[in-house]
Amino acid sequence: MLRTRIKICGITRAEDATAVVDAGADALGLVFYPPSPRAVDIAAAKIIVADVPAFVSVTALFVNPTVEEVQSVLDSVRIDLLQFHGDEEDAFCRQFNRPYIKALRVRQASDLVASCLRFPNALGILLDSYKPGVPGGTGETFDWSLVPATPPKPIILAGGLAPENVAAAIEQVAPFAVDISGGVEAAKGIKDHGKINEFVKEVYRVDQHRLQC
Ligand SMILES: O=C(O)c1ccccc1N[C@@H]1O[C@H](COP(=O)(O)O)[C@@H](O)[C@H]1O
């Protein structure tokens, strides 16, 4: 059994990036989607990632960007992984010569296996909650029973996770990774370092328990 990887998304301040690293998470996410209260620009992103060490992955999140928008971030900021959270197709996502994950918003009737297969070049599929008019970061969970037992790609589970429910999520879904934003915030875009620690410890705790079983 693999341990569950952890990404903390929506980092807007260098001190929050440090808290993510110190807590022992695997990745942090920067939101390059201006309508989001967690959005950062290139100047802020450079400051945030300046002290992020090797082996902690920096993810850049976009929602239906232009090629130029993605490229200008890649030209200026240390980005290890792209996350596309809109209606982008594989041909768009793969053109940047950078690994990418694709977010899918889960609806009741979703055929998630078929949806995953539309992204043969993705390194993983992030499953988030569907809410009309909101591309992501809803703070809401979805019906985890819809996640395929043997998905064709590694699954990153997102949507409404929190220190209180992540153990149940991992027990039920056994995702490759979990991704959280609102559940570790003091206010939109401002992370609560205590909650980040709690979340990471809870993932470690449930993994330890699963390893012993
Ligand atoms: O965080 C945002 O503001 C955001 C905006 C647009 C698309 C995605 C966004 N965040 C991603 O949403 C999921 C779940 O967030 P939450 O834990 O439910 O708050 C997460 O993958 C973020 O990366």
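Computed values, structure above
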quantity	calculated
Paramagnetic reach from residue 108 (point 7 Å along Cα→Cβ, amide N under 15 Å) across region 131-166	131-132, 142-146
Given charges at beta-carbon only (K, R positive; D, E negative), |dipole| of the chain in Debye	260
Taking all pairs of distinct alpha-carbon atoms in region 5-212, Kirkwood radius in angstrom	17.0
Estimated distance in nm for a label pair at residue 146 and residue 2, the labels positioned 7 Å out from Cα along Cα-to-Cβ	2.3
Gyration tensor (alpha-carbon) shape descriptor, region 1-111, a/c threshold 1.5	oblate
Most to least packed among 15-25, 104-114 [average Cβ atoms within 10 Å]	15-25, 104-114
Under the span-like rule (Cα at least 27 Å along the axis, Kyte-Doolittle mean at least 1.0), DSSP H helices of the chain	none
Rounded to 5, percent antiparallel among DSSP beta bridges of the chain	10
Difference of contour (0.36 nm per residue) and Cα-Cα distance, residue 165 to residue 212	14.9 nm
The chain, helix-only ellipticity at 222 nm - DSSP H runs n ≥ 4, -39,500 (n - 2.57), divided by all residues, nearest 500	-9000 deg cm²/dmol
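Where a number appears in this text, it was derived from the coordinates with a stated rule and is not lab data. The shown structure was predicted, so the numbers you read here are calculated from the model rather than taken from an experiment. Don't worry about glycine lacking a Cβ; one is built from the backbone with ideal geometry, like all the others, and counts go over all protein chains shown.
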